[in-house]
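**Student:** This is the structure I have questions about; it appears just below.
The values are calculated or read from the model by the stated rules, or taken from the named source; none is laboratory data. For clarity, every value in this text was computed on a predicted model and none was experimentally measured. Every residue, glycine among them, receives a Cβ derived from its backbone with ideal geometry; neighbour counts consider all protein chains shown. When the accessible area is computed, the model is the full protein with side chains, heavy atoms only, and any ligands, DNA or RNA have been set aside. Shrake-Rupley method; radii C 1.70, N 1.55, O 1.52, S 1.80 Å.
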Amino acid sequence: MSTEHESGPVTLIAVLEAPVENTGEFIEGWRAHLERLRTAPGFRGARLHRALRGEHRFQLVAVADWADAADLAAAAAGEQEGPGAEKYAKTVHRGVYRVIAEAASEERPDGAGVTMVNLFELPNERVEEFLGAWRPRAQRASESPGFVDFRMHRAVSDASLPLVNVAHYASVEVWKALQADPEFQARKAVNPPYATANPGLFEVVAEVL
């Protein structure tokens, strides 16, 4: 799969693995970067997420939405790629994605809620097979109390993280209740052995919408 012959919205996702040096400096650099992107053609918004747990393997996740791949490429060519993640982390996963599944509740939380990001490691050639096992658990999650929304992103070309799910819940407690739900656990138990899920709770530390 490639962006060359496809049109429509794309999402640029960059993930910084721990350890991340000078996190505060990176966040400030990213905020300044977002301000510069406000007027870029095709830019639709972006969020930088920081893991709530310091021991989480993936500490920072940047998600930027673009009208199409051409606008993203033009911004990159114009040296608007950001503060240079490789300066702050030895391992950075970066890719262009498309949303392949999404759901949203009609009820919106009163407060800020919490963001859950699940980064999936699996062979790129087995993504379709994996999605067949994932969809039943996503359905259960979308029916749970306090669920707000989710978007499953799929890389448009081979990537170290072929799938990235970004979901929102009304609170940390709501998310924990879902993890304890027997039906949800039963559907999670069928996770294929070739795939590794890396879920975590995150806070938004910078955004332009």
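**Student:** Could you list, in sequence order, the residues of the stretch 73-88 that are modelled with pLDDT under 95 and either surrounded by 12 or more Cβ atoms within 10 Å (Cβ to Cβ) or part of a helix (DSSP H, G or I) (or both)? Lay out the reasoning, then the answer.
**Tutor:** From the stretch 73-88, those modelled with pLDDT under 95 are 73-87; that's our starting set.
A73, A74, A75, A76, A77, Q80, E81, G82, P83, A85, E86, K87 - these are the residues of the stretch 73-88 that are modelled with pLDDT under 95 and either surrounded by 12 or more Cβ atoms within 10 Å (Cβ to Cβ) or part of a helix (DSSP H, G or I) (or both).
**Student:** Hey, another quick one. Mind checking which residues of the stretch 173-183 are in a loop (DSSP other than H, G, I, E, B) and in contact with a helix residue (DSSP H, G or I) (Cβ under 9 Å, 6 or more places away or on another chain)? Break it down into steps so the answer makes sense when it comes.
**Tutor:** Let us first name the residues in the stretch 173-183 that are in a loop (DSSP other than H, G, I, E, B), namely 180-181.
D181, the sole residue that qualifies.
**Student:** Quick one: what pairs do we get from the stretch 121-139, first residue under 16 Å from N198 (Cβ atoms), second surrounded by fewer than 13 Cβ atoms within 10 Å (Cβ to Cβ) and among the hydroxyl-bearing types (S, T, Y), C-beta under 6 Å, 6+ apart or different chains?
**Tutor:** Here the result reads E121/T196; L122/Y194, each pair linking the stretch 121-139 to a residue that is surrounded by fewer than 13 Cβ atoms within 10 Å (Cβ to Cβ) and among the hydroxyl-bearing types (S, T, Y).
**Student:** Can you tell me which residue is nearest to W30 (Cα to Cα) among those in the stretch 53-99 that are free of Cβ contacts under 8 Å to residues at least 40 places away in the same chain and in contact with a strand residue (DSSP E or B) (Cβ under 8 Å, 6 or more places away or on another chain)?
**Tutor:** The selected residue is E86.
**Student:** Also: Please find, among L131, L122, the residue that is under 23 Å from A14 (Cα atoms) and open to solvent by 10 Å² or more (accessible area, probe 1.4 Å). Give the steps one after another, and end with the answer.
**Tutor:** Numbers: L131 fails: open to solvent by 10 Å² or more (accessible area, probe 1.4 Å).
Going through L131, L122 in turn, just one is under 23 Å from A14 (Cα atoms) and open to solvent by 10 Å² or more (accessible area, probe 1.4 Å): L122.
Residue-by-condition table, conditions (1) closer than 30 Å to T23 by Cβ; (2) touching a His at 6+ places or on another chain (Cβ under 6 Å):
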position: V148; (1), (2): yes, yes
position: R154; (1), (2): yes, no
position: D158; (1), (2): yes, no
position: V164; (1), (2): yes, yes
position: A189; (1), (2): no, no
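Here's the yes/no breakdown for (1) crowded, with 20+ Cβ neighbours inside 10 Å; (2) in a strand (DSSP E or B); (3) under 20 Å from the mean Cα position of the chain (by Cα):
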| residue | (1), (2), (3) |
| --- | --- |
| P145 | no, no, no |
| R154 | yes, yes, yes |
| A159 | no, no, yes |
| Q185 | no, no, no |
| N198 | no, yes, yes |
| V204 | no, yes, yes |
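**Student:** Residues of the stretch 17-55 being open to solvent by less than 20 Å² (accessible area, probe 1.4 Å), at pLDDT 95 or above and not in a helix (DSSP H, G or I), which ones?
**Tutor:** G45, A46, L48, H49, A51
**Student:** Against the conditions (1) at pLDDT below 95; (2) open to solvent by 60 Å² or more (accessible area, probe 1.4 Å); (3) more than 19 Å from the chain's Cα centre (by Cα), where does A112 fall short? Just the number, please.
**Tutor:** The single condition A112 does not satisfy is (3).
**Student:** Is one or more of the residues making up the stretch 162-172 assigned to a loop (DSSP other than H, G, I, E, B), touching a Leu at 6+ places or on another chain (Cβ under 7 Å) and buried (at least 20 other Cβ atoms within 10 Å of the Cβ)?
**Tutor:** Keep residues of the stretch 162-172 that are assigned to a loop (DSSP other than H, G, I, E, B), which gives 162, 170-171.
If we keep only those that are touching a Leu at 6+ places or on another chain (Cβ under 7 Å) too, we end up with 162.
So of that shortlist, the ones also buried (at least 20 other Cβ atoms within 10 Å of the Cβ) come out as 162.
Looking through the stretch 162-172, at least one residue is assigned to a loop (DSSP other than H, G, I, E, B), touching a Leu at 6+ places or on another chain (Cβ under 7 Å) and buried (at least 20 other Cβ atoms within 10 Å of the Cβ).
**Student:** Check the stretch 119-128 and report whether any residue there is acidic (D, E), at pLDDT 95 or above and farther than 20 Å from F58 by Cα.
**Tutor:** Quick first cut of the stretch 119-128, residues acidic (D, E) only: 121, 125, 128.
In the following step, the residues that additionally are at pLDDT 95 or above were identified as 121, 125, 128.
Filter again for farther than 20 Å from F58 by Cα, leaving 125, 128.
Scanning the stretch 119-128 turns up at least one residue that is acidic (D, E), at pLDDT 95 or above and farther than 20 Å from F58 by Cα.
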